[in-house]
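Notes to accompany the following structure.
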Amino acid sequence: MKKLFSIICAVILCLTGCTAQTNKTTKKNMNDKKVLVAYFSRADENYNVGTITKGNTQILAEMIGEETKAATFHIETVKPYPANYMQCIDVAKKEKYDNARPEINGDVKVEEYDVIFIGMPNWWGEMPMAVYTFVEKHNWQGKTIIPFATHEGSGMGGMDKHLAKACKGSNMLDGIAIQGSVAQNQQAETKKKITSWLKTLKF
Ligand SMILES: Cc1cc2nc3c(=O)[nH]c(=O)nc-3n(C[C@H](O)[C@H](O)[C@H](O)COP(=O)(O)O)c2cc1C
């Protein structure tokens with residue numbers, strides 16, 4: 001009876017959840033894996049930090065890339081977002097409302113990597129639409145993905161769930177969300193947080 005129950009549960013799980021598996025931890029050592037850090041990040045005027053030359057998420061991406069000796073890929077739109085914060089808000093809002101897929105510059109062969117960190121800022125609890133443009137170009141079957149994000153109060157805000165759904169067939173590990181103004185202005189402290197998080201992931 002117990003066995004029958006387990007089989008029924010397994011079938012239901014497969015039928016309802018055949019997107020990404022979310023395995024929270026891993027026992028495998030990651031140092032022999034081929035690792036990529038792909039991220040979206042916007043510099044210029046932003047909330048709580050004034051006008052910056054390097055985006056908050058990019059700061060995390062570079063720290064992760066350095067510590068894991070990974071290749072990095074910056075997801076950039078062909079049409080840049082306005083430098084003015086309020087104008088950027090207007091453009092991003094319209095893209096979200098339209099469920100747009102803004103064109104991005106270049107690409108990277110995700111399929112050649114084992115582990116892919118994917119970074120983004122929190123835009124109203126949703127990934128910037130350009131991240132969808134990027135992930136929808138690739139086959140995520142069997143890949144390990146690890147989200148990281150910056151925000152100004154909302155944390156990861158469900159973006160990891162959206163990412164897992166968009167990366168069908170992948171296995172997602174525990175991500176990290178750091179306040180953007182902290183990443184920008186307290187980099188030594190931020191680096192410590194990144195290092196200890198990477199340790200939990202066996203890097
Ligand atoms: C269009 C837009 C929407 C945002 N929405 C939120 C939000 O809902 N919650 C939040 O905590 N921060 C929000 N922020 C702040 C960003 O998540 C934060 O500044 C982030 O660190 C920016 O990262 P970046 O410099 O890598 O682009 C928003 C910023 C922008 C530009």
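The values are calculated or read from the model by the stated rules, or taken from the named source; none is laboratory data. Model, not experiment: these values are computed from the prediction. Reconstructed Cβ throughout: ideal geometry from the backbone, glycine too, with neighbour counts over all protein chains shown. Calculation scope for accessible area: heavy atoms of the full protein, side chains included, ligands and nucleic acids excluded. Shrake-Rupley method; radii C 1.70, N 1.55, O 1.52, S 1.80 Å.
General observations
- Among the residues making up the range 153-177, those that are in contact with a helix residue (DSSP H, G or I) (Cβ under 6 Å, 6 or more places away or on another chain) and within 18 Å of Gly55 (Cβ to Cβ) are Gly175, Ile176.
- Number of positions in the range 31-49 that are within 11 Å of the ligand (Cβ to nearest atom) and open to solvent by less than 40 Å² (accessible area, probe 1.4 Å): 6
- Which numbered condition His74 misses (of (1) more than 12 Å from the chain's Cα centre (by Cα); (2) open to solvent by 10 Å² or more (accessible area, probe 1.4 Å); (3) within 11 Å of the ligand (Cβ to nearest atom)): (1)
- Qualifying residues in the range 50-71 (those that are more than 10 Å from the ligand (Cβ to nearest atom) and either of a type in the set (Phe, Trp, Tyr) or in a strand (DSSP E or B) (or both)) - the one surrounded by the most Cβ atoms within 10 Å (Cβ to Cβ): Ala71
- Checking each residue in the range 77-116 for being surrounded by 13 or more Cβ atoms within 10 Å (Cβ to Cβ), within 24 Å of Asn48 (Cβ to Cβ) and hydrophobic (A, V, I, L, M, F, W, C) picks out Ala83, Cys88, Ile89, Val91, Ala92.
- Top-ranked residue of the range 150-203 - restricted to ones that are more than 13 Å from the ligand (Cβ to nearest atom) and hydroxyl-bearing (Ser, Thr, Tyr), ranked as surrounded by the most Cβ atoms within 10 Å (Cβ to Cβ): Ser170
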